[in-house]
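Worksheet for the structure shown next.
Values quoted throughout were computed directly from the atomic coordinates according to the rules given, and no laboratory measurement underlies them. Predicted, not measured: the structure shown is a model, and the values here were computed from it. Neighbour counts are summed over all protein chains in view; Cβ atoms, including those assigned to glycine, are modelled from backbone coordinates with ideal geometry.
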There are 2 protein chains.
Amino acid sequence: MIYERVALIGLGHIASSMFWGMKRADLVGEVYGFARSAETRQTARDIGLCDRVCNTIEEAVTDADLVVLCVPVGVMGDVAEQIAPHLKAGATVTDVGSVKRAVIDAVGPHIPKGVHFVPAHPLAGTEHSGPTSGFAELFDGRWCLIVPSDGADEAAVAKLRALWEGMGSKVNTMDAEHHDLVLAVTSHAPHLIAYTMVGVADDLQRVSDSEVINYSATGFRDFTRIAASDPTMWRDVFLTNKEATLEILGRFTEELFALQRAIRTGDGDHLHDYFTRTRAIRRGIIEAGQDTDAPNFGRTAGRK
Amino acid sequence: MIYERVALIGLGHIASSMFWGMKRADLVGEVYGFARSAETRQTARDIGLCDRVCNTIEEAVTDADLVVLCVPVGVMGDVAEQIAPHLKAGATVTDVGSVKRAVIDAVGPHIPKGVHFVPAHPLAGTEHSGPTSGFAELFDGRWCLIVPSDGADEAAVAKLRALWEGMGSKVNTMDAEHHDLVLAVTSHAPHLIAYTMVGVADDLQRVSDSEVINYSATGFRDFTRIAASDPTMWRDVFLTNKEATLEILGRFTEELFALQRAIRTGDGDHLHDYFTRTRAIRRGIIEAGQDTDAPNFGRTAGRK
């Protein structure tokens, strides 16, 4: 047993997947959960999410060996301030936020002496959200990045690593600034771009929504999956990973303009070379086991 | 039997899927195929693709009741010129190109009197290409847009519609200009955007390719699937649907700049409203049966 008592603060997609993942492999003793919304707490009780769903955050974290902050990045600091007086000496606080520098700056100052703070970020998730959307297999084969501070307690880091590995993840460590840049490339910029393209399609007067919807199977629908992600979570990501996201979007725009110019001037060689190069990255992702090679991701319609 | 003899010109992803789809429902008599590359012809023979694989395009189209041009949009005109002298009176020529105005302008002038030209575009495909990548179910539940010219022969259009419906498609008709605009939104602009984002990630000096690959499961990998599509096909699409694609990309850039400014100025309400609106489009696509609601498209890793 890695931890006797775990507290999940916030009971959405990641927290619920962690609960089922910890139970699947029998990694911990008891899991207490807390959500701010009474409706979410009731749903959690109805589906057996958590061994105990607490009505107060204080009850949830008192005596916990591990407290996992699973709330939007923008409220991590407030939540840390609320739980700080109730944390047990020797406990570990971690989080699952998609941004690490801002979370460390917001949470770190509230962590009492004698409590370990080990930020982390599981690179997993689907377009679904809420307490009913979690499942034990979410983290299987996916990476979890742990971002320990200088001088972090090695034993505390090792236990958290063991927990994530027990839930099926592969684990790496990384510093916060590099994490935020890598995620700006692999996640934050792509999400903003997908949201933008879907917004443009919705806005056009000359193409109806029903045309966009019916004829989406040709590229656009993959954007809509990404752009169906939780709005609050993503608002906070962009506001707290501002610099890295804007840097990548700047590079993206520059490159997009170059390709637009190639289209305008009829430079087919430039386009063909560019489109050939991008195939190699896809092959790398398949080989690394980070996606399926089945056509269309093996969607039901179109399965071979 | 809808057609006695069908000729497939070009034996890639769409042609091979058509062959298996026509055979599944026993829609046609014989299917002859031709590909310019001897290697592709050999592969087709090896896997039983087409009842006869012809060594010349002339042999393939002679006596065909339906000739389907399944070649990149940029060479449709040349191919039409080659086959024109060998077409049977009363035959129908169609195509599967992703752009319609340019194909009509390139192919139309070569079509002899007494032969019907009925352009079409099945909105289906995966990131895979080549003769071995086709499968009968590709068109199931997907739309095929037929773009008949003014005064097109109604019986010829009806037969082609019946063929596509027999392969599992839903069929609509549309004029060429509107088709090209709709596809610029649902397919062409999203593809260019995905290619661009993958190219940017590949180019960055501060984030390694292996980081991009390993940590792609957070949005980026969906872009890589789109950006793994056939480079020649896509080069031709952009060069031949230039105006509509550039128009949509212009709108996209405008909107992206507005969102970047919201990030820079910390306008969380603007971001949250925008991200909430885009969810509705996703729901429409699920309800229209154009995608699965399974998380992550029901990818194997992460299946509930």
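If the viscosity is 1.002 mPa s and the temperature 20 °C, what translational diffusion coefficient in µm²/s does Stokes-Einstein give for chain B when Rh comes from Kirkwood over Cα pairs?
Value of D from the Cα-based Kirkwood radius: 102 µm²/s.
Would you list A:Trp143, A:Trp20 from fewest to most Cβ contacts within 10 Å? List each step's numbers first, then the result.
Values: A:Trp143 23, A:Trp20 17.
Exposure proxy ranking, most exposed first: A:Trp20, A:Trp143.
Setting aside same-chain residues fewer than 8 positions from B:Lys242, which lysines have a Cα under 22 Å from its Cα?
Straight-distance partners of B:Lys242: B:Lys100.
Mean separation of Cα pairs under 8 Å and 6+ residues apart, divided by the residue count of the stretch B:3-174: what relative contact order is that in percent? Show your work: numbers first, answer last.
Numbers: 375 pairs, mean separation 43.6, N = 172.
Averaging sequence separation for qualifying contacts and normalising by length gives 25 percent for the stretch B:3-174.
Using the 10 angstrom Cβ neighbour count as an exposure proxy, how do B:Asp105, B:Asp236 rank, fewest first? Could you put the intermediate results ahead of the total?
On the way: B:Asp105 13, B:Asp236 25.
Fewest-to-most ranking of B:Asp105, B:Asp236: B:Asp105, B:Asp236.
Please report, for B:His270, the nm distances (one decimal) from its label point, 7 Å out from Cα along the beta-carbon direction, to the equivalent points in the remaining copies, shortest first.
From this label point to the equivalent ones elsewhere in the assembly: 3.0 nm.
So for the stretch A:135-186, averaging the separation of alpha carbon pairs under 8 Å that are six or more residues apart and normalising by length, what relative contact order in percent results? Provide the component values of the computation, followed by the final result.
On the way: 48 pairs, mean separation 25.3, N = 52.
For the stretch A:135-186, the relative contact order is 49 percent.
Other chains near A:230-238: what is the mean number of their Cβ atoms within 10 Å of each residue's Cβ?
Values: counts 3, 9, 5, 1, 4, 12, 3, 2, 9.
Taking the mean over all residues of the peptide, I get 5.
When the dipole is taken about the Cα centre of the stretch B:178-266, and only Lys, Arg (+1) and Asp, Glu (-1) are charged at their Cβ, what size is it in debye, to the nearest 20? Mind dumping the intermediate values first?
On the way: 8 positive and 12 negative charges, 53 e Å.
I would put it at about 260 debye.
With +1 on each Lys and Arg Cβ and -1 on each Asp and Glu Cβ, and nothing else charged, work out how big the dipole of chain B is about its Cα centre, in Debye to the nearest 20. Don't skip to the end; give the middle numbers.
On the way: 30 positive and 41 negative charges, 142 e Å.
It works out to roughly 680 debye.
Can you list, shortest first and in nm, the gaps between the label point of B:Arg52 and those of its counterparts in the other copies, using a point 7 Å from Cα in the C-beta direction?
For B:Arg52, the other copies' label points sit at 8.1 nm, shortest first.
Note down the relative contact order for chain B as a percent, whole number, built from C-alpha pairs under 8 angstrom at least six residues apart.
Computed value for chain B: 16 percent relative contact order.
For B:Lys23, give me every one of the lysines with a C-alpha distance below 21 angstrom, ignoring sequence neighbours fewer than eight places off in its own chain.
A:Lys304, B:Lys159, B:Lys170
Once label points are set 7 Å from the Cα along Cα→Cβ at both A:Arg264 and A:Asp150, what is their separation, rounded to one decimal in nm?
With each label placed 7 Å out from Cα toward Cβ, I get 4.9 nm.
Between the stretch A:257-279 and the stretch A:206-239, what's the alpha-carbon centroid distance in Å?
Cα centroid to Cα centroid, the span is 25 Å.
Taking A:Val75 in one copy and the same position in all the others, each labelled 7 Å out along Cα→Cβ, what are the pairwise distances from the first, in nm, shortest first?
5.8
So what J values fall out for the stretch B:188-199 if you push phi through Karplus, 6.51 cos²θ - 1.76 cosθ + 1.60 with θ = phi - 60°, rounded to Hz, Gly and Pro as x?
Values, residue by residue: 6, 4, x, 5, 5, 5, 5, 4, 4, 5, 5, x Hz.
Cα-based Rg of the protein assembly as shown per 2.2 N^0.38 Å, rounded to two decimals? Could the numbers behind the result be given before it?
On the way: Rg = 26.7 Å, N = 608, 2.2 N^0.38 = 25.1 Å.
Rg over 2.2 N^0.38 Å, computed on Cα atoms: 1.06.
Could you estimate the translational diffusion coefficient of the stretch B:3-174 from the Stokes-Einstein equation, with Rh from the Kirkwood formula over C-alpha pairs, at 10 °C and 1.306 mPa s, in whole µm²/s? Walk me through the numbers on the way to the answer.
Numbers: Rh = 15.6 Å.
The estimated diffusion coefficient comes to 102 µm²/s.
Which of the three applies to the stretch B:219-304, rounded, prolate or oblate, going by the alpha-carbon gyration tensor with a ≥ b ≥ c and a/c under 1.5 meaning rounded?
Note, shape of the stretch B:219-304 comes out oblate.
P(r) tail for the stretch A:48-150, what percent of Cα pairs lie past 24 Å?
Details: 1308 of 5253 pairs.
Considering the stretch A:48-150, 25 percent of its Cα-Cα pairs are separated by more than 24 Å.
Would you kindly calculate the translational diffusion coefficient of the stretch A:178-266, applying Stokes-Einstein with the Kirkwood radius from alpha carbon pairs, for 20 °C and a viscosity of 1.002 mPa s, and quote it in µm² s⁻¹ without decimals? The partial results should precede the final answer.
Numbers: Rh = 14.5 Å.
Once the numbers are plugged in, D ends up at 148 µm²/s.
Go through A:Asn214, A:Val200, A:Ile263 and say which Cα lies farthest out towards the positive end of the charge dipole of the stretch A:178-266; charges sit on Cβ, +1 for Lys and Arg, -1 for Asp and Glu.
Farthest along the dipole direction, towards plus: A:Ile263.
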